[in-house]
Every structure is written in structure tokens, then in C-alpha cells.
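Written below as C-alpha cells is the structure these notes are about.
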Amino acid sequence: MTEILEKQKPPFLSLVISLFISTTIVILILFYLRENDINLEIINNIQPIDFLFIFVTHSIFVLLMSIFNKILINTIDPNVSLLDCIFLQYVNIFFNKLFLKGGGLYRAIYLKRKYYFSYTLFISTFAGAFLIIVSSQLCIGIISMILIYLFFGRINLIIFFIYLIISIIILMIYKLQPKFKKGSNWVVNKINRVTAGWQIIKNKPGTISNLLLISIFTVVIQAVQLLVIYKSMKFDINYLEVLYLSSLSIILVFINITPDGIGIRESLYAFSSDIVNISRPNLILGSLILRTITFIIASIVGIISYSILEYRLFYGDNQ
């Protein structure tokens, strides 16, 4: 655990900085919406059943990601329970909404304290899964963009070419599996971790196919949530368009500079208004509404999950 903490900023300082950044971004977004005369009354169109649907789909999303983590962790230690993975996923989501990479840090610490995980092996394995997650989202993003263009004649060439460039990079990593000399360069170290992680899981086709299917289903669920939010706001949007919006999460992986991608995701949505045919302010508003709902869910269930995990650490499973 000491090794992990030495690589991080003090948690309290990180939390303060992250909250300041998040608050500033939210204020700027709200100011932008006000300047564009957004009609906030459309929020009243969202019904209680919509909130319940988001809660249910969010729970399914967490369960799928927990199974994803369990399958991945089994390559290291099959003794980690699915229940632990579920609690850790809720805590991971909650902490990531508070400060950058907070959830991953806590998960690494918990697994090291309870199951004596090697931090290096843990990071490498999850970095290998990065290829699977990126590949699934890229496929969905590219296919949805092509279909939107064929059916509706709309496309964002910049995003399309970004997807193609990322695809080429991912294919090169798959094919060449590069190994660079360890140094201080963040990109080089990231590629090395991804390559090392891929070496761990690449010879397990059953594991890869299961992880790939789960990754696809999580994107589908996130798209359904977006569809419910924008439809409840009375906007004309179809499933292909929300699939495309959901796939934009792949870009957040490479621009991971704010807690939960706040501000970055909204900027990508605004940049995609020409594809989904909804105004930039309304796209941003819908994203903020979904973000608020999931934050409330993550806060309540995340705090409960954190308390349970800490109790189990200090008193054991049988107390």
C-alpha cells in the first residue's frame, strides 16, 4: 500500500483541487447555458419513471462492470469474490466523480490489503483490458457514424478521422506489441503497461470474448440512458445517434484530465450537435441531467459500499 500512496498526491489535496476544478467547470457550463437562453422548463418533462429507469440501468451497468472486473481479476487471483467486485465498482464510480483516478487508487489499495495483490501486476492486467474496451467502443462508434451518414446524411469528419487514427494505433499495438525502454515519458510507460497487460490475457480467448461482450453491452446501456433522457426532454433523437454519443467515451480515455470527464464529455457532445441534430445547449443540458442523476446514485450507494468494504477490512467477513 505504501508503494501505491507514494505515487499519488495527498488524497485531501487531490480532493480539494478536483472539487475546485469540477465546480468551476459546472459554473462555466451553467453560465454558457444561461447566455444561450436555454429553456430549463424542459427539465419538468422528465418523469419519476425516467429516474427509476436510469437507476435500474445504472445498476445493470455496475453489475456488468463488476463481472468484467471479476473475470479480469480471476487471471490474477480467483479468490476475489464477485460481491467485493460489486462494492468496489460502486466505490470506483463514486470516487472517480470526486477526484481524478480516485476509484482506481482505492480499488488497488483494497485488493492489496485484503488479497495481497501485486500493484504492478494489477495495473498491468487492467491496462491490457484497455485494448478490449477501446476496441468495442471504436467499433460501435465507427459503425454508428457510418449508418447515420447512410440513413440521414450527417457526419462529423473530425471525429470520424480521430476514430480511424485511434483504430490504427490500437491495431499496431495488437500486431506489434511494442516494448519500449522504461523512462519518464507518460505515453511510453502507458504503452508498455498496455502491452504487458495484453500479454497476460491474450492467450485466454474465452476471457477476451467475455470481456468484449460485456464492454459492448455497457456501451449499449449507456446509450439507452441517453435515449431516455433526451426523449423525455421531447427531443427527436434515435438509437443510432445516442450510440454514437455513448461511443465518445473512448476519447475521454485519452483526455482524462477532469473528474469523471466533466466538461470534456459536454464539449464532445456540443461538437457533435451536427450529427444528432440537437442544439449544443440542449445536448449539454441533457448530459448534465444524466450526470446529476448518476452522481446522486453513486453518492448514496458508493458511500454505503465504501462503509461495507472498510468494515470487512477491519473486522473480517465473519464478524
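Helices in the chain, meaning DSSP H runs of at least 4 residues, each add -39500 (n - 2.57). Divided by all residues, the mean residue ellipticity at 222 nm is -26500 deg cm²/dmol. For region 37-189, the number of Lys pairs with C-alpha atoms closer than 27 Å, counting only pairs eight or more positions apart or on separate chains, is 14. Hey, what angle do you get for helix 119-152 against the long axis of the chain, alpha-carbon based, 0 to 90 degrees rounded to 10? Orientation of helix 119-152: about 20 degrees from the principal axis.
Comparing mean-square fluctuations of Phe161, Phe99, Phe151 from a GNM of the chain with C-alpha springs under 10 Å, the top value falls on Phe151. Please name whichever of Ile29, Phe271, Phe217 sits farthest to the positive end of the charge dipole of the chain, dipole taken about the Cα centre and charges placed at Cβ: Lys and Arg +1, Asp and Glu -1. Of the candidates, Phe217 comes out farthest on the positive side.
Comparing Met145, Met172, Met65 in a Gaussian network model of the chain where C-alpha atoms under 10 Å apart are linked, the largest mean-square fluctuation is found at Met172. Net charge dipole, region 205-319: roughly 140 debye, given to the nearest 20, about the Cα centre with Cβ charges of +1 for Lys and Arg and -1 for Asp and Glu.
Using Cβ point charges alone (K and R +1, D and E -1), the dipole size of the chain about the Cα centre works out to roughly 1100 debye.
Annotation for region 207-274 versus region 77-99: alpha-carbon center distance of 21 Å. A simple spin-label model places pseudo-atoms 7 Å from Cα toward Cβ; at Asp236 and Phe20 they are separated by 4.7 nm. Relative contact order of region 250-303: 22 percent, from C-alpha pairs under 8 Å at least 6 residues apart in sequence.
Distance between the 7 Å Cα→Cβ label points at Met172 and Ile155: 2.4 nm. Shown in residue order for region 221-228 are the 3J(HN,Hα) couplings computed by the Karplus curve 6.51 cos²θ - 1.76 cosθ + 1.60 at θ = phi - 60°: 5, 4, 5, 4, 4, 5, 4, 5 Hz (x for Gly and Pro).
The string of couplings for region 285-300 from the Karplus curve (6.51, -1.76, 1.60, θ = phi - 60°) is 4, x, 5, 5, 5, 5, 4, 5, 4, 5, 5, 4, 4, 5, 5, 5 Hz, one whole number per residue in order, with x for Gly and Pro. Between Phe53 and Asn189, the C-beta separation translates, for a Förster distance of 45 Å, into a calculated FRET efficiency of about 0.65.
Look at the alpha carbon pairs under 8 Å that are at least 6 residues apart: their mean separation over the length of the chain gives a relative contact order of 28 percent. Between the C-alpha center of region 125-181 and that of region 18-52 there is a gap of 30 Å. About its Cα centre, region 12-114 has a charge dipole of approximately 640 debye under the convention of +1 per Lys or Arg Cβ and -1 per Asp or Glu Cβ, with nothing else charged.
Helix 11-35 and the longest principal axis of the Cα set of the chain meet at an angle near 10°. Here the spin labels are modelled as points 7 Å beyond Cα on the Cα-Cβ line, and at Glu41 and Gln199 they lie 6.3 nm apart. Comparing Phe20, Ile133, Leu150 along the charge dipole axis of the chain, the residue lying farthest to the positive side is Ile133, per the Cβ-charge model.
Using the Cβ-Cβ distance between Ile300 and Tyr32 with R0 = 51 Å, the FRET efficiency computed as 1/(1 + (r/R0)^6) comes to roughly 0.95.
Of all the options Phe254, Phe160, Phe55, the one that moves most in a Gaussian network model of the chain with Cα springs shorter than 10 angstrom is Phe254.
Only the coordinates and a few stated rules stand behind these numbers; no lab work does. Remember, predicted model here, so these are calculated numbers, not experimental data. As a convention, Cβ positions derive from the backbone with ideal geometry for all residues, glycine included, and neighbour counts pool all protein chains shown.
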